[in-house]
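Values quoted throughout were computed directly from the atomic coordinates according to the rules given, and no laboratory measurement underlies them. Keep in mind the model is a prediction, meaning the values are calculated, not measured. Because the Cβ atoms are built from the backbone with ideal geometry, glycine has one as well, and the counts that use them run over all protein chains shown.
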Amino acid sequence: MNSFWMKPDLSWRMWTVWQRDRDVYWKTFKVNFLPPLLEPILYLFALGFGLGAFVKEIQGIPYVQYIAPALVAISMMYNAFFECTYSSFVRMYYQKTFDAIIATPVSLDDVVMGEILWGATKALINATIVLAVVMAFRLVTLPHALLIIPFSFLAGLLFSAIAMFFTAVVPSIDSFNYPFYLFITPMFLFSGTFFPMDVLPPILQKFAWATLPLTHVVSVTRALAMGTWPAQGWASLLWMGGVTVLMTYLSLALMRRRLIV
Amino acid sequence: MSSTSTPQKEPIIVARDLYKTYGDLVAVDHIDFKIYPGECFGFLGPHGAGKTTTMKMIYGFSPITSGHLTVFGLPVQSHSRQIRARLGICPQEDNLDPDFTVLENLLVYARYFGIPKSVALDRALQLLDFFDLLHKKDQIIRTLSGGMKRRLLLARAMINHPEVLILDEPTTGLDPQARHAIWDRILSFKEQGVTILLTTHYMEEAERLCDRLVIMDHGRILVEGRPQQLIHDLVGHEVIEIYPANGFVDRIRERFPDLEVETYHNRLEIFLRESDTEVTEYILEHLQPPSLYVRRATLEDVFFKMTGRQLRD
């Protein structure tokens, strides 16, 4: 049963793990929902209105409107990635919550999958809050922009699966600094978030599209925010789906190897 | 304790030629045992003996390397989920959920078993009452004492009304009051017909609770039997301890060549098959040791005899 290559042992019970995380989140919701509400407002003022006073327009769009969807996309990435790295690691390693759960009919694969689903849910919740903020500033096209909400769950699955991969392999919680500085921060800066990708050398553009998930997420989110669909939108969804499946499978296998010995 | 295990019943857990390695380390080395419904079965042994690994294999945390292991007649490799649904597992270390209160811990745990909410609430309140934790039900886990945490772990293990309760060192680190509180609850579950598997370092605990036990070391089972039978067969009835032992050993061996005599760190132990005042009288009269102590033989004597006195750290 502990084969690395075995078929994942998943059942409906994965949702009991999701419910556990949801219940904990609700207990502190009033504390939880303020930061995602306030942070985009800071960015909108500092970058959108501050820097935007000099930049004026990008691709014919006011700068503040250009970065607004990127802020929504970034919140998907950060929330999913934080949840399934630091938070999951604390539950797995310090609180031994995973050990406690797998002493029941819930399998370890269910636990990992439940955590990934919860990470995606948090991406959805927080992206929705940020979306509400940029909607209040009339920076997105309605009702099309509401499609960003279901999309944020897919993007959340992608970032959660990647995060869980790191959680399954890092020796200690400090090691998360590496994916954060070498993967998340470059994405935050270079994925068409605050300036268009075409100013980058072509080789870097290709590299970004091939390896940085946020480029696809920003591209789709921005198009939806403006009520359109990007030229390579379906390719982006396909890329995201493929990487999500691959990283989920790897997370399950590596977590099994880590905990079931 | 009482002798309730009835061999005519079908065993509930069967291990045959069970073997487990971690890399080069052999953790469990071809062991066999059978556990029958309703009995309390103990695994004793020093650190690294293979007790916890054996438990983990039973509940599917640790895949077996080779051999056979069935629980409820089901092989553990293929039916781990079904088996765990009918087990109660009380781990060695506290893994209560610190994000929840006492009551919530039980309710959330019940949900993992798919127990409906109303049933779960009834059971949780009953268990909290039974474990003297009802007044703490809305407290956060951090505020509980060690004894309370252990009682809650035990309550949590019973939330699914398990047929087999697995206790990994249930009283390690507890004060005598807390320890007896745990023992009483365990015995009452046993009376209700729950089969109990227990690992422990405490010989008194094993003597009190276990109908049968095995002593393990280096992954092997050294002896198996009922506690009183093992004491009687392997050590005897009484033990005389003398300290310091200087010079007495040879004289005692000379006078009573048939007696089993051991020394450790200048302390002398004489094992008596039967209660025998002749030996004591001789020692008092002729050797006059500074200190002499006659006591009943215990499981600890069996334990040392089987596993030696070497430190295991």
Exercise. For the Cα atoms of chain A, what angle does the longest principal axis make with the long axis of helix A:202-211, in degrees from 0 to 90, nearest 10?
Worked result: 40 degrees
Problem set entry | MRE, 222 nm, helices only [DSSP H, n ≥ 4, -39500 (n - 2.57), over the protein assembly as shown, to nearest 500] | -14500 deg cm²/dmol
Seminar exercise, completed: For chain B, the longest principal axis of the Cα atoms and the Cα long axis of helix B:176-191 enclose an angle in degrees, to the nearest 10, of 70 degrees
Seminar exercise, completed: XL table B:LYS20/B:LYS117; A:LYS30/B:LYS136; B:LYS56/B:LYS117; A:LYS27/B:LYS190; B:LYS9/B:LYS51; B:LYS34/B:LYS136; Cα-Cα > 31 Å flagged, in table order, is B:LYS20/B:LYS117; A:LYS27/B:LYS190; B:LYS34/B:LYS136
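For region B:262-313, run through the trypsin sites (Lys or Arg not before Pro) and keep only the ones in DSSP coil with at most 12 other Cβ atoms within 10 Å of their Cβ.
Those satisfying the criteria are B:ARG309, B:ARG312.
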Problem set entry | Loop-resident sites, region A:6-65, for trypsin sites (Lys or Arg not before Pro), counting at most 14 other Cβ within 10 Å (DSSP) | A:LYS56
Problem set entry | Tilt relative to chain A, helix A:34-43 - C-alpha long axis, 0 to 90 degrees, to 10 | 30 degrees
Seminar exercise, completed: Taking every residue of B:109-115, the Cβ atoms of other protein chains inside 10 Å of its Cβ average out to 6
Seminar exercise, completed: Cα-based Debye curve of the protein assembly as shown sampled at q = 0.06, 0.07, 0.08, 0.12 Å⁻¹ gives log₁₀ I(q)/I(0) of -0.44, -0.56, -0.68, -1.13
For this session: Specify, per residue and in Å³, the volume enclosed by the convex hull of the alpha carbon atoms belonging to region A:8-259.
Result: 129 Å³
Problem set entry | Inter-label distance, nm, simple model (7 Å from Cα along the C-beta direction), A:LEU42/A:GLU57 | 3.2 nm
Seminar exercise, completed: Rounded to 0.05, the calculated FRET efficiency for the beta carbons of B:ARG273 and B:ARG142 at R₀ = 41 Å is 0.15
Exercise. So what are the radius of gyration and Dmax for the Cα set of region A:86-224, in Å?
Worked result: 17.4, 54
